[in-house]
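S.K.: Okay, handing you the structure first.
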């Protein structure tokens, strides 16, 4: 019986490593929780431009449960890396396990007015606590930069 449990834990650890190293710690209470949490990917189009540049950013939630409570009806925060931020909150019905569905795609447009490397952060928040995030870097080269 001990050998079987060891093999199960070892297999789970190897699968976690092949999936990017997430979820290696296997606690009895957390069994299956990693399968329920959607993963967040953040894309910028274009990732490189000449100032001023209009960039479309898309955060996408993949996998996990459609009714993952922490991601239901969140506040979305964008930190643009250029000393500006934006935030939006959806108006939703109360959460109902098994029926409420999370939003899976968030798309915005931002104009980068000056040259630089900008680290953009996407955060999913419940109240004032970040419960999920993703980041990407955008490179803007000098163009018609305004004078300083």
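S.K.: Quick check on residue 75: is it within 17 Å of residue 45 (Cβ to Cβ) and either touching a residue at least 12 places away in the same chain (Cβ under 8 Å) or surrounded by 16 or more Cβ atoms within 10 Å (Cβ to Cβ) (or both)? Spell out the reasoning first.
M.R.: Values: within 17 Å of residue 45 (Cβ to Cβ): no; either touching a residue at least 12 places away in the same chain (Cβ under 8 Å) or surrounded by 16 or more Cβ atoms within 10 Å (Cβ to Cβ) (or both): yes.
Here the answer is no, as residue 75 does not meet what is asked.
S.K.: For the condition at pLDDT below 95, surrounded by 12 or more Cβ atoms within 10 Å (Cβ to Cβ) and over 19 Å from residue 129 (Cα atoms), what is the one hit in 43, 36?
M.R.: Numbers: 43 fails: at pLDDT below 95.
Just one listed residue meets the conditions, 36.
S.K.: Can you say whether residue 65 is in contact with a helix residue (DSSP H, G or I) (Cβ under 8 Å, 6 or more places away or on another chain), assigned to a loop (DSSP other than H, G, I, E, B) and loosely packed, with under 13 Cβ neighbours inside 10 Å, as far as the supplied structure shows? Please lay out each step first, then the result.
M.R.: Details: in contact with a helix residue (DSSP H, G or I) (Cβ under 8 Å, 6 or more places away or on another chain): yes; assigned to a loop (DSSP other than H, G, I, E, B): yes; loosely packed, with under 13 Cβ neighbours inside 10 Å: no.
Spelling it out, it is not the case that residue 65 is in contact with a helix residue (DSSP H, G or I) (Cβ under 8 Å, 6 or more places away or on another chain), assigned to a loop (DSSP other than H, G, I, E, B) and loosely packed, with under 13 Cβ neighbours inside 10 Å.
The values are calculated or read from the model by the stated rules, or taken from the named source; none is laboratory data. As the structure is a computational prediction, the values presented were derived from the model and not from experiment. A quick note on method: Cβ atoms are made from the backbone with ideal geometry, for glycine too, and the neighbour counts reach across all protein chains shown.
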